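Peer 1: Please find one structure pasted underneath; my questions will follow.
Read-outs: derived from the displayed coordinates by stated rules, not from any lab. Only a predicted model underlies this, so the values are computations on that prediction, with no experimental measurement involved. Every residue, glycine among them, receives a Cβ derived from its backbone with ideal geometry; neighbour counts consider all protein chains shown.
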Amino acid sequence: MQTHILGFPRIGRKRELKKALEGYWKGELSERQLRNTADELKKRHWKVQHDAGLSFVTVGDFSFYDHVLDLTVALGAVPHRFRNTGSAFDTYFAMARGDGSRNIPAMEMTKWFNTNYHYIVPELSSDQTFQPSLDWLEDDVALARRLGFHAKPVLLGPITYLALSKGRTGFSRWESLPQLTEIYISFLERLAPQCGWIQIDEPILCTDMSDSLRETFLETYRLLRKGAPSARTLLTTYFGSLGDNLGTALDSECSGLHLDLCAGNASITDVLTALPEHMSLSLGVVDGHNIWKTNCASALPVLRNAALKLGNDRLLVGSSCSLLHVPVDLELETELDPEIRSWMAFAVQKCHEIALLGQTIDGGWTPECLNENRLAIESRYLNVKTIDPDVRRRCRNVTPDMLNRNTPYAVRCGKQEKALNLPLFPTTTIGSYPQTEAIRKARREYRKGELSPAAYETFLKRTIQEVVEQQEKLGLDVLVHGEPERTDMVEYFGQQLEGFCFTDHGWVQSYGSRCVKPPVLYGDVSGKQPMTASWLAYAQNLTRKPMKGMLTGPVTILCWSFVRDALEREEVCRQLALALRDEVLDLERAGLKIIQIDEAALREGLPLRKDEAEKYLQWAIDAFRLTVSGVEDTTQIHTHMCYSEFNAILKWIAAMDADVNSIEASRSNMDLLQAFMDFKYPSAIGPGVYDIHSPHVPGLEEILERLEQGLRFTAPEKLWVNPDCGLKTRGWPETLLSLGNMVQAVRVLREEYSDTQNRVTR
């Protein structure tokens, strides 16, 4: 039996890639030094897989920024605006981050299926000319082979690539498929002599596909087989079950098929019955999307049954998806509760789990370490640390009335307008301001005991005061306190709730050099005490302008944590909502009239299949409403959502009944707003007018153009003005320049719309 993973984390055990990237961007590292760091990480990660006992090492999963962007560059599909941005390396990063010196905006970025990983959206146009180059992947395969490893290269499949792309200027991206197919044939022909398996990722097969797209898929893969008959291709699916696309996958003429048995309602019974004799089967029984140990007692019968049906030589054992979505190495976590730590497995440990399962099936015996696995699983499922009867009782007592505001939006918006007295096109920011080195230094010293609690509090209050003063000088209408006390929008709240624990090195890549450290949600959730109210009350007392309180919503905390799998996600989310409901009321009592509940991950949590989506959306929206419904009519509730495709769920977004919704829209050139207009979205909306993921400083005209675009989709009295997202990762100079231009643009627009009649009739 062969064993493998679909991909390994890129960032390194201690975020070596992040540090090297940021050093390169600052001019502190050369390109050569950055590439050397990358090569060392690749070698290290291949050795981990080899030493664990896996049959292959996965090659081509490393990326300096994003694997979809890597394929775009490999295809030579570089948009025209980046053609003269310098070296190939400069062009690559300009595509991802923009080029501020040339005023070139970055390519659009959005979520990778239902994960918190972001990919760079390919842009294809009618005059698209591909200039493919596979040198980077061939070089990595050659390096791995020189080191004595059996290399399994991975490529994102052509159908998924095009499905994730956008056509520009009315061009259908599918018109590029014939060219793309020929390129993939050449790629496979070049890789085949060097490799046993070639992994081709087609997660699109786990989504709803039309009959025509299935036909396109089959025709494409038949052409690939005909054009590169010697290539041994492993068709890889993940993040869900194949469902009605099973026949398409089985008829693909690929040499093998990979199934994710950890996500969705995947079953292999039908697969084992229908699998063609020429096709091997890879079973993803080790969860690549969560950190819990594999229940080997459950996985082994599945594998044994498959081995009996197919034979060991046609069976592979693997991770459900790439291990990109979990931290690197549990061995670094020396401060965790030992019992809770015994329940976990990170990427390194999951490689060993896969090898162990394969060895067990091959050997027909039960190693002693499987007893250790059994005890750890039993400990996690039955442990008293995970259950709080009071929390369970409170959840059972939630009534339908607790999900509704006192009055509908059409009534309460007038009350809020009178209470807040805001100007037309109110300006605000999403929440965070730059996390400076001074903030990070103070936090480090406080954690080490080098800075007393009183001194740390004084520092944070001084920082908040400075942030408020800067906003006052800029002329913003609704202020925020800047969140200097928060390390992360999820971690901060988890630290103040029961049922969470935290790692020291459990970092996961979100995009580029951006890493997050998800909390571990292992038990029932409840609040300990007010979490933000004192900071926000202090900030409100510094200004006469409205101060906006920011909380992370229950769905986002759920999606951006490593969540226990012994309780339904709906129930976990309800626990979170009740704890946050208490905090919302604490903020209101502290004098806050505007409260923002960030649900950046609402779309991310959506199942990939439409027939599963409604159930999720119902309980997710109910959780948001449960969080906010206790406030008075005059308290304005905002929400914020990150890059997502909203079209399919707009009725549910409207059902959240938020008073204002801010969304990331700048990278899509405000295209997202068309859906809101078509739907006749009832509430106010704040489409981001500039991209905070790029160092690019937007000019006055650029922001005015986006505001004018926004006004095509919503009434002036319902348009708020804000950046795309929080400003935590940006520097103060660019932040002040960008916000200054934003405020100036609004002043220009207010002058144009000063007449009430123009506001109504335009």
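Peer 1: Report Rg (one decimal) and Dmax (nearest whole number) for region 333-427, counting Cα atoms only, units Å.
Peer 2: Expressed in Å, the Cα Rg and Dmax of region 333-427 come to 26.3, 75.
Peer 1: Now for a different question. Normalized C-alpha radius of gyration of region 108-195, against 2.2 N^0.38 Å?
Peer 2: For region 108-195, the normalised Cα radius of gyration comes out at 1.28.
Peer 1: Follow-up question, since we're still on this one. If you count the DSSP beta bridges with both ends in the chain, what percent of them are antiparallel, to the nearest 5?
Peer 2: 20 percent
Peer 1: While we're on this one: Please list, in order along region 50-57, the HN-Hα scalar couplings obtained from phi with the Karplus expression 6.51 cos²θ - 1.76 cosθ + 1.60 (θ = phi - 60°), rounded to whole Hz, x for Gly and Pro.
Peer 2: Each residue of region 50-57 in turn: 5, 5, 5, x, 6, 5, 10, 9 Hz.
Peer 1: Given the C-alpha atoms of region 30-114, compute the convex hull and give its volume per residue in Å³.
Peer 2: Convex hull volume per residue, Cα atoms: 121 Å³.
Peer 1: Which of the listed residues, CYS254, LEU420, ILE685, is farthest toward the dipole's positive end in the chain, when Lys, Arg count +1 and Asp, Glu count -1 at the beta-carbon?
Peer 2: Of the listed residues, the answer is LEU420.
Peer 1: Order of 230-241, 122-133, 21-32 by packing, highest average Cβ count within 10 Å first?
Peer 2: My ranking of the peptides, most packed first, is 230-241, 122-133, 21-32.
Peer 1: Suppose R0 equals 41 Å. What FRET efficiency, 1/(1 + (r/R0)^6) with r the Cβ-Cβ distance, do ASP135 and ASP582 give to the nearest 0.05?
Peer 2: Computed FRET efficiency for ASP135 and ASP582 comes out at 0.10.
Peer 1: Between GLU437 and ASN404, how many nm apart are label points set 7 Å from Cα along the C-beta direction?
Peer 2: Spacing of the two 7 Å Cα→Cβ label points: 5.6 nm.
Peer 1: Which FRET efficiency value, to the nearest 0.05, do you get for GLU570 and LYS309 by plugging their Cβ-Cβ distance into 1/(1 + (r/R0)^6) with R0 = 35 Å?
Peer 2: Here the calculated transfer efficiency is 0.50.
Peer 1: Now for a separate question. Angle check, please: helix 296-310 long axis (alpha carbons) against the longest principal axis of the chain (alpha carbons), in degrees 0 to 90, nearest 10.
Peer 2: Helix 296-310 and the main axis of the chain meet at about 40 degrees.
Peer 1: Determine, for each peptide in 411-423, 473-485, 323-335, the mean count of other beta carbons within 10 angstrom over its residues, then list the peptides with the highest first.
Peer 2: In descending order of packing, they fall as 473-485, 323-335, 411-423.
Peer 1: Excluding same-chain residues fewer than 8 positions from LYS415, which lysines have a Cα within less than 28 Å of its Cα?
Peer 2: LYS545, LYS548, LYS593, LYS651, LYS680, LYS718
Peer 1: Further question on the same structure: Hey, if you put +1 on the Cβ of every Lys and Arg and -1 on every Asp and Glu Cβ in region 2-382, which of SER379, LEU75, ASN312 ends up farthest toward the positive end of that dipole?
Peer 2: The Cα lying farthest towards the positive end belongs to LEU75.
Peer 1: Taking the Cα centre of the chain as origin, sum charge times position over the Cβ atoms of Lys and Arg (+1) and Asp and Glu (-1), and report the length of that vector in debye to the nearest 20.
Peer 2: With Lys and Arg at +1 and Asp and Glu at -1, about 920 debye.
Peer 1: Follow-up. Looking at the square roots a ≥ b ≥ c of the eigenvalues of the Cα gyration tensor of the chain, which shape do they give, rounded for a/c under 1.5, prolate if a/b is larger than b/c, or oblate?
Peer 2: It comes out prolate by the Cα gyration axes.
Peer 1: Please list, in chain and number order, the residues 5+ apart from ASP208 or on another chain whose amide H is under 5 Å from its amide H, with Hs placed from the backbone.
Peer 2: Under 5 Å from the amide H of ASP208: LYS610.
Peer 1: About its Cα centre, what dipole magnitude does region 2-382 give when the only charges are +1 on Lys and Arg Cβ and -1 on Asp and Glu Cβ, stated in debye to the nearest 20?
Peer 2: Once rounded to the nearest 20, the dipole reads 620 debye.
Peer 1: Run the helix sum for the chain: -39,500 (n - 2.57) per DSSP H stretch of 4+ residues, divided by residue count, reported at 222 nm to the nearest 500 deg cm²/dmol.
Peer 2: -13000 deg cm²/dmol
Peer 1: Still on this structure: Could you work out the local net charge near VAL48, counting Lys and Arg as +1, Asp and Glu as -1, over the other residues with Cβ closer than 12 Å to its Cβ?
Peer 2: +3
Peer 1: A follow-up question, please. Taking every DSSP beta bridge with both residues inside region 2-382, roughly what % is antiparallel (nearest 5)?
Peer 2: 15 percent
Peer 1: While we're on this one: Using square roots of five times the C-alpha gyration tensor eigenvalues, list the equivalent-ellipsoid semi-axes of region 2-382 in whole Å, biggest first.
Peer 2: Working through the eigenvalues yields semi-axes of 33, 27, 18 Å.
Peer 1: Give the residue from SER30, LEU283, ALA106 lying farthest towards the positive end of the charge dipole for region 2-382; charges sit on Cβ (+1 for Lys and Arg, -1 for Asp and Glu) and the dipole is referred to the Cα centre.
Peer 2: Of SER30, LEU283, ALA106, it is SER30.
Peer 1: For a label point 7 Å from the Cα of LYS385 along Cα→C-beta, name the residues of region 326-343 whose backbone N is under 15 Å from it.
Peer 2: It comes to 333-343, nothing else.
Peer 1: Helix 211-227 against the longest principal axis of the chain: what's the angle in degrees, Cα atoms only, rounded to the nearest 10?
Peer 2: Orientation of helix 211-227: about 40 degrees from the principal axis.
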